[in-house]
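The values are calculated or read from the model by the stated rules, or taken from the named source; none is laboratory data. This one's a predicted model, so the numbers in the text were calculated from it and none came from an experiment. FYI the Cβ positions are ideal-geometry reconstructions off the backbone, even for glycines, and counts take in every protein chain you see. Only protein heavy atoms, including side chains, enter the accessible area calculation; ligands, DNA and RNA are left aside. Shrake-Rupley method; radii C 1.70, N 1.55, O 1.52, S 1.80 Å.
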Amino acid sequence: MSDVPVRAAISAIVAAHRGQRGALLPILHAIQSELGHVPQECVAQLADELNLSRADVHGVVSFYHDFRREPAGRTTVRICRAEACQALGADALVACARDRVGLAPGETAADGSVTVEQVFCLGNCALGPSIQVNDALHGRVSVDRLRSILDEAVSP
Ligand code: FES
């Protein structure tokens, strides 16, 4: 997508939320939903259009783990690291992702095949450790299971 359509898309999203109290967060969610991520160049535009400082906008984008700064890979693996899943072995899953595909949470493979993210509760706490692979939720995920999911995600 060239810069102009991105600017136009962002302006349309801002227009749809203008006047709403605390509009920045819903605007950022809408941008991610429409563009797949929150590009760095939108910070200045949002600051201008919402009459905020760039530091304010940047602070919100970087504070929330949900906002992706780069386009995601074809498969997104989200590992829950909230308390219940941590107690049930989430760290081993993060280590597995690092060993198997060389990705820490927040990183995308250079070939665009897979993105690994961390989240804080997928609402599946009793069946932890939990992960989400694109839209599918998986519970009681063993290291072996994650390894085979990752192998499938990176195969051509
Ligand atoms: S703590 Fe992991 S799903 Fe809730």
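Of note:
- Index of the failed condition, ASP99 passing every other in (1) more than 16 Å from the chain's Cα centre (by Cα); (2) closer than 16 Å to VAL154 by Cα; (3) open to solvent by less than 10 Å² (accessible area, probe 1.4 Å): (3)
- Restricting attention to the stretch 19-44 and to residues that are open to solvent by less than 70 Å² (accessible area, probe 1.4 Å) and of a type in the set (Gly, Ala, Ser), the residue that is nearest to GLY73 (Cα to Cα) turns out to be GLY36.
- Set side by side, the residues ALA16, ALA47 differ, and just one is among the small types (Gly, Ala, Ser) and surrounded by 15 or more Cβ atoms within 10 Å (Cβ to Cβ), which is ALA47.
- Being part of a loop (DSSP other than H, G, I, E, B), out of contact with any helix residue (DSSP H, G or I) (no Cβ under 6 Å at 6 or more places or on another chain) and either open to solvent by 40 Å² or more (accessible area, probe 1.4 Å) or at negative phi (or both) holds for only one residue in ASP91, ASP151, ASP66, and it is ASP66.
- Being in a loop (DSSP other than H, G, I, E, B) and out of contact with any Ser or Thr (no Cβ under 9 Å at 6 or more places or on another chain) is not true of ALA126.
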